[in-house]
Amino acid sequence: MRTAIRCLRRKQQGIVSLEAALIFPVLLFILVMFFELARIALVITVVNTSLERAVQNLRSDDDFYSLGEAQLNSLIVERVASYSYDLVDKKNLELELNTFATLGDFSGTTDSSGSRDANDDDDTPTYANAPILNITLTLNQDFITPLPQLFDLGSSYQHEFQQILGDLVIDGDDEDDS
């Protein structure tokens, strides 16, 4: 009986190292993916905050009303990249900017009685009030490790941000003087 117990004990001595060798790659994969997902969340949060800050500071610029869509586009991308603490580069950002002269143009309820069309190719803005900006920013960022490629997830991820900048204009009759 004692010899059987000794024999069994000798056979189990290598099991722990074998189990560790089988579990180690799985644990390493989980750890690397945790860092990858944490970085993705960080980049998305920072770019969202940078976009909000860039758009928020637009109205305080003196030349905001004289800029065309192309200049606004490059200005917003430049500011988002500079406010993002060098986590993203300008080449990874694609911005689609639509300007509207009124809230009616933005919602599509304005009749065609001389209102400015949102699809005009004329780059000289003519606004009675501050323009309404519909901003769509697309972020294309590479993964930091090649691990997602091993699982056929591609080499980069993409996230889209939406921002609308506009003022609600209140007529003098609608204001409450209380």
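Can you tell me which condition Y85 does not meet? The list is (1) in contact (Cβ under 8 Å) with a residue 40 or more places away in the chain; (2) over 17 Å from F161 (Cα atoms); (3) out of contact with any strand residue (DSSP E or B) (no Cβ under 7 Å at 6 or more places or on another chain); (4) not small (G, A, S), and all the others hold. (1) is the only condition that Y85 fails.
Looking only at segment 35-50, decide whether some residue is free of Cβ contacts under 8 Å to residues at least 24 places away in the same chain and of a type in the set (F, W, Y). No: segment 35-50 contains no residue that is free of Cβ contacts under 8 Å to residues at least 24 places away in the same chain and of a type in the set (F, W, Y). In the set (1) in contact (Cβ under 8 Å) with a residue 40 or more places away in the chain; (2) assigned to a helix (DSSP H, G or I), the condition left unmet by C7 is number (1). Restricted to segment 58-81, and to residues there that are among the hydroxyl-bearing types (S, T, Y) and in contact (Cβ under 8 Å) with a residue 12 or more places away in the chain, the residue that is nearest to I135 (Cα to Cα) is Y65. Taking the criterion of being under 30 Å from L150 (Cβ atoms), in contact with a strand residue (DSSP E or B) (Cβ under 9 Å, 6 or more places away or on another chain) and not aliphatic (A, V, I, L, M), the only residue of segment 40-80 that qualifies is N48. Just one of the numbered conditions (1) under 28 Å from I132 (Cα atoms); (2) loosely packed, with under 12 Cβ neighbours inside 10 Å is not true of N92: (2). Going by the structure shown, is E19 surrounded by 10 or more Cβ atoms within 10 Å (Cβ to Cβ) and at pLDDT below 90? Judged against the criteria, E19 is a match. Taken as a whole, the condition of being surrounded by 15 or more Cβ atoms within 10 Å (Cβ to Cβ), closer than 21 Å to L165 by Cα, at pLDDT below 95 and out of contact with any helix residue (DSSP H, G or I) (no Cβ under 6 Å at 6 or more places or on another chain) does not apply to L97.
The values are calculated or read from the model by the stated rules, or taken from the named source; none is laboratory data. Computed from a predicted structure; not experimentally measured. Quick reminder, even Gly has a Cβ in these numbers, built from the backbone with ideal geometry, and neighbours come from all protein chains shown.
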